[in-house]
Amino acid sequence: MKIMIIGAGLVGATLAENLANEDNDISVIDPDLTRLRELQDRLDIQTVEGCGSDPAVLAQAGCNDADMLIA
(Lines give C-alpha, C1' and ligand atoms only; values in the text may rest on other atoms or scores of the structure.)
Protein backbone atom coordinates (compact mmCIF):
# COMPACT_ATOMS: atom_id res chain seq x y z
CA MET A 1 0.00 0.00 0.00
CA LYS A 2 1.32 3.48 -0.83
CA ILE A 3 0.89 5.69 2.22
CA MET A 4 1.73 9.38 2.48
CA ILE A 5 2.39 10.92 5.91
CA ILE A 6 2.43 14.68 6.35
CA GLY A 7 4.59 15.60 9.32
CA ALA A 8 7.75 13.94 10.64
CA GLY A 9 7.21 14.75 14.29
CA LEU A 10 6.79 12.10 16.98
CA VAL A 11 3.46 10.81 15.64
CA GLY A 12 4.46 10.89 11.97
CA ALA A 13 7.84 9.28 12.60
CA THR A 14 6.29 6.51 14.71
CA LEU A 15 3.64 5.84 12.07
CA ALA A 16 6.28 5.78 9.34
CA GLU A 17 8.38 3.28 11.27
CA ASN A 18 5.48 0.96 12.08
CA LEU A 19 4.01 1.08 8.58
CA ALA A 20 7.39 0.67 6.85
CA ASN A 21 7.99 -2.49 8.88
CA GLU A 22 4.78 -3.89 7.36
CA ASP A 23 6.17 -3.63 3.79
CA ASN A 24 4.23 -0.50 2.82
CA ASP A 25 5.53 2.17 0.44
CA ILE A 26 5.86 5.21 2.73
CA SER A 27 6.41 8.86 1.79
CA VAL A 28 6.87 11.51 4.49
CA ILE A 29 6.54 15.25 3.90
CA ASP A 30 8.00 17.75 6.36
CA PRO A 31 9.71 21.16 6.15
CA ASP A 32 12.51 20.02 8.53
CA LEU A 33 15.23 18.42 6.41
CA THR A 34 17.13 17.18 9.50
CA ARG A 35 14.15 15.13 10.69
CA LEU A 36 13.65 13.72 7.21
CA ARG A 37 17.29 12.68 6.94
CA GLU A 38 17.15 10.95 10.32
CA LEU A 39 14.08 9.00 9.22
CA GLN A 40 15.55 8.13 5.85
CA ASP A 41 18.75 6.88 7.49
CA ARG A 42 16.76 4.50 9.72
CA LEU A 43 13.97 3.45 7.38
CA ASP A 44 13.49 2.52 3.74
CA ILE A 45 11.10 5.38 2.94
CA GLN A 46 10.82 8.33 0.58
CA THR A 47 11.01 11.82 2.07
CA VAL A 48 10.06 15.16 0.57
CA GLU A 49 11.07 18.48 2.08
CA GLY A 50 8.31 21.08 2.05
CA CYS A 51 4.93 22.12 3.35
CA GLY A 52 2.32 19.36 3.23
CA SER A 53 -0.42 21.80 2.28
CA ASP A 54 1.39 22.94 -0.89
CA PRO A 55 -0.10 21.23 -3.98
CA ALA A 56 3.29 21.22 -5.73
CA VAL A 57 4.91 19.41 -2.81
CA LEU A 58 2.07 16.90 -2.66
CA ALA A 59 2.44 16.24 -6.38
CA GLN A 60 6.22 15.83 -6.02
CA ALA A 61 5.63 13.27 -3.26
CA GLY A 62 3.23 11.29 -5.46
CA CYS A 63 -0.03 12.12 -3.73
CA ASN A 64 -2.03 11.23 -6.85
CA ASP A 65 -0.95 7.59 -6.55
CA ALA A 66 -1.34 7.28 -2.78
CA ASP A 67 -3.79 4.79 -1.30
CA MET A 68 -3.86 6.62 2.04
CA LEU A 69 -2.99 10.11 3.29
CA ILE A 70 -2.27 10.67 6.98
CA ALA A 71 -1.94 14.22 8.28
Under the Karplus relation with 6.51, -1.76 and 1.60 and θ = phi - 60°, whole-Hz ³J(HN,Hα) for the stretch 57-67, x at Gly and Pro, equal 5, 4, 5, 4, 7, x, 4, 5, 9, 6, 7
Over the chain: helical MRE at 222 nm, DSSP H runs n ≥ 4 each giving -39500 (n - 2.57), nearest 500
-11500 deg cm²/dmol
Of the heavy-atom accessible surface of the stretch 1-44 (probe 1.4 angstrom), what whole percent is carbon and sulfur?
46 percent
Let me know the volume per residue of the alpha-carbon convex hull for the chain, in Å³.
68 Å³
Check THR47: other-chain or 5+ apart residues with amide H under 5 Å from its amide H, H built from backbone geometry?
VAL28
Derived scalar couplings ³J(HN,Hα) [the stretch 44-54; Karplus, 6.51 cos²θ - 1.76 cosθ + 1.60; whole Hz; x for Gly, Pro]:
8, 9, 9, 10, 9, 7, x, 8, x, 9, 8
Rounded to the nearest whole Å², what accessible area per residue is found for the stretch 10-59 with the 1.4 Å probe?
61 Å²
Step through the residues of the stretch 19-32 one at a time and calculate ³J(HN,Hα) from phi using the Karplus curve (6.51 cos²θ - 1.76 cosθ + 1.60, θ = phi - 60°), rounding each to whole Hz and writing x for Gly and Pro.
6, 5, 6, 9, 6, 9, 8, 10, 10, 10, 10, 7, x, 8
Amide H contacts under 5 Å for ASN24, restricted to residues at least 5 apart in sequence or on another chain and with H modeled in the peptide plane, are none
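The values are calculated or read from the model by the stated rules, or taken from the named source; none is laboratory data. Keep in mind it's a predicted model, so treat the numbers as computed, not measured. Ligands, DNA and RNA are stripped out before the accessible areas are found, and what is left, the full protein with its side chains, is counted by its heavy atoms. Shrake-Rupley method; radii C 1.70, N 1.55, O 1.52, S 1.80 Å.
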